[in-house]
Amino acid sequence: MDRAANLAGIRGDKGLEASWRTTADEIQADILKNGVNDKGVLKQHYATDDWLDASVLLPAIFGSLPPSDERLRASVLAIADELTKDGFVLR
């Protein structure tokens, strides 16, 4: 929805941009409320407390969270500690 809002803005459709931006913000707020475990690390999905998966790096790749965000930082460090071998991130 974030990307869709950006595209609507590029097209000059301010109404659609605002609507999609609102939806994108609601989705992100829900993820940050329900998608973080008790260690402050992003989870794979809502139905688990498991985080050990490279997919939790997607917010960094897509720019969903700023580099200064503590949840993102904790997730990156957890992946580095638990899923990195010889410089490669395991899936």
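The string of couplings for region 24-31 from the Karplus curve (6.51, -1.76, 1.60, θ = phi - 60°) is 4, 5, 5, 4, 5, 4, 5, 4 Hz, one whole number per residue in order, with x for Gly and Pro. How about region 21-91: which chymotrypsin sites (Phe, Trp or Tyr not before Pro) there are in a DSSP loop, with at most 11 other Cβ atoms within 10 Å of their Cβ? When the chymotrypsin sites (Phe, Trp or Tyr not before Pro) of region 21-91 are filtered for loop state and at most 11 Cβ neighbours within 10 Å, Y46 remain.
Shown here for region 34-79: trypsin sites (Lys or Arg not before Pro) in loop regions (DSSP other than H, G, I, E, B) with at most 15 other Cβ atoms within 10 Å, namely K39.
None of the figures in this text is laboratory data; all of them are computed from the coordinates on show. On a predicted model such as this, the values are computed, not experimentally measured, just so you know. Don't worry about glycine lacking a Cβ; one is built from the backbone with ideal geometry, like all the others, and counts go over all protein chains shown.
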